[in-house]
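The values are calculated or read from the model by the stated rules, or taken from the named source; none is laboratory data. Predicted model only: the values in this text are computed from it and were never measured. Ideal geometry is used to build each Cβ from the backbone, glycine not excepted, and the neighbour counts take in all protein chains shown. Protein only, heavy atoms only, side chains kept; ligands, DNA and RNA dropped before computing areas. Shrake-Rupley method; radii C 1.70, N 1.55, O 1.52, S 1.80 Å.
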Amino acid sequence: MQNRKHQIDLDWGLAVSDAASNPEQTAIQAQNHEIARKVLKSIAPRDREILVRFYLQEQTAEQICAEMGLTETQFRLLKSRAKARFGELGKRQVLKRRLPLGEKWWRAIALKR
């Protein structure tokens, strides 16, 4: 009885999962990267530069401001607008890929409103 008090049941709520991606996750991730690349290519060069430098290259706001000749306020405003634009275009790309052909025209009309 004394031994049972000090033993730990290893099966209790412990699950081990494989950290490697499965083929489905890999395909989804590749699609997401492709959408992100398309959207980045479609936005204005200055917006793209700000997003890439801040989010992908992880440069500081101060460094970007100094090198691009922006004030802190200009940077925040440009980054905010670029991020919103990127998100909107990304949503459109995702919807375009997931809707059946017959519904694409309807969704396109709804997005323009």
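Under 9 Å from the Cβ of Leu51, count the other residues' Cβ atoms, weight Lys and Arg +1, Asp and Glu -1, and hand me the total.
Here the count lands on +2.
What accessible area, in Å² to the nearest ten, does a 1.4 Å probe give for Glu24?
Accessible area, nearest 10 Å²: 130 Å².
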